[in-house]
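The values are calculated or read from the model by the stated rules, or taken from the named source; none is laboratory data. In this text the structure is predicted, and so the values were computed from the model without any measurement. Using ideal geometry, Cβ is built from the backbone for each residue, glycine included, and neighbour counts are taken over all protein chains shown. These accessible areas exclude ligands, DNA and RNA; they are computed on the full protein's heavy atoms, side chains included. Shrake-Rupley method; radii C 1.70, N 1.55, O 1.52, S 1.80 Å.
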Amino acid sequence: EAILHACGALALPVVIHGGRSPMFFIEHARDFAILDNLARVDWSASASNVVISHFGSYGFDHDELPGERAKLRTLLDRYSNLMTDTSGLPYHTLKVLLPDIDSDRILFGSDSLYVLMWQSVITLMCALDDAVQSRADEYFTRITNRNVRNVFGNAS
């Protein structure tokens with residue numbers, strides 16, 4: 001929470017990992033960033049936006065996603081400064097999570113060091129086509145453009 005206070009004082013957004021980290025050798029450390037643990041943080045310690053990456057669901061199996069979606073929605077309802085992003089998630093995960101999260105609270109995230117940018121864009125668009133159908137173009141513009149500018153500004 002000290003980081004949140006500092007970023008809030010400097011008007012800086014914060015991006016944190018959300019979900020499991022299956023690559024950790026220490027087994028108990030793999031779950032440090034799951035939503036059950038993130039729910040214990042006072043996110044209101046910062047007035048700036050805080051982005052929980054990967055919808056907070058990185059590394060979760062498909063059958064676990066409905067429970068994680070409900071936990072994320074609870075956090076987003078509780079803290080108006082929280083947002084989430086699409087980084088590193090496969091199509092089937094995005095398709096499940098996109099319809100139930102307010103599109104004003106979602107940013108495009110590419111995980112560009114791990115997943116090709118063009119692949120992330122296409123994956124998002126295909127998931128939107130199936131998840132929100134006739135509103136896919138509107139959601140795509142909001143998630144990839146407007147929301148990102150609102151959080152990170154318009155760098156020139």
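What the table shows:
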| read-out | value |
| --- | --- |
| Odd one out for GLU64 among (1) crowded, with 19+ Cβ neighbours inside 10 Å; (2) assigned to a helix (DSSP H, G or I) | (1) |
| Which numbered condition ARG30 misses (of (1) closer than 19 Å to LEU97 by Cβ; (2) touching a Lys or Arg at 6+ places or on another chain (Cβ under 7 Å); (3) open to solvent by 40 Å² or more (accessible area, probe 1.4 Å)) | (1) |
| Matching residues in region 79-104 - criterion: being within 21 Å of HIS62 (Cα to Cα) and outside any helix (DSSP H, G or I) | THR84, ASP85, THR86, SER87, GLY88, LEU89, PRO90, ILE101, ASP102 |
| Subset of region 48-63 that is small (Gly, Ala, Ser) and under 14 Å from VAL15 (Cα atoms) - its residue that is nearest to the chain's Cα centre (by Cα) | SER53 |
| TYR79 vs. criteria open to solvent by 20 Å² or more (accessible area, probe 1.4 Å) and on the phi < 0 side of the Ramachandran plot | no |
| GLU1 vs. criteria open to solvent by 80 Å² or more (accessible area, probe 1.4 Å) and farther than 21 Å from VAL151 by Cβ | no |
| Every residue from region 105-133 that is in a helix (DSSP H, G or I), among the aliphatic types (A, V, I, L, M) and modelled with pLDDT under 95 | MET117 |
| Condition check for SER110: among the hydroxyl-bearing types (Ser, Thr, Tyr), within 22 Å of HIS17 (Cβ to Cβ) and open to solvent by 10 Å² or more (accessible area, probe 1.4 Å) | yes |
| Filtered residues of region 6-26 (kept if surrounded by 13 or more Cβ atoms within 10 Å (Cβ to Cβ) and either in a helix (DSSP H, G or I) or charged (D, E, K, R) (or both)) | ALA6, CYS7, GLY8, ARG20 |
| Near pairs, Cβ below 8 angstrom, 6+ apart or cross-chain, from region 38-52 (closer than 20 Å to ARG73 by Cβ and without any contact (Cβ under 8 Å) to a residue 12 or more places away in the chain) to any residue that is buried (at least 16 other Cβ atoms within 10 Å of the Cβ) and of a type outside the set (Val, Ile, Thr) | none |
| Every residue from region 91-125 that is more than 14 Å from ALA136 (Cα to Cα), over 12 Å from the mean Cα position of the chain (by Cα) and among the aliphatic types (A, V, I, L, M) | VAL96, LEU113, VAL115, LEU116, MET117 |
| Residues (touching a His at 6+ places or on another chain (Cβ under 9 Å), closer than 27 Å to GLU64 by Cβ and part of a loop (DSSP other than H, G, I, E, B)) located in region 27-51 | PHE32 |
| Positions within region 1-37 being among the hydrophobic types (A, V, I, L, M, F, W, C) and touching a residue at least 60 places away in the same chain (Cβ under 8 Å), in sequence order | VAL15 |
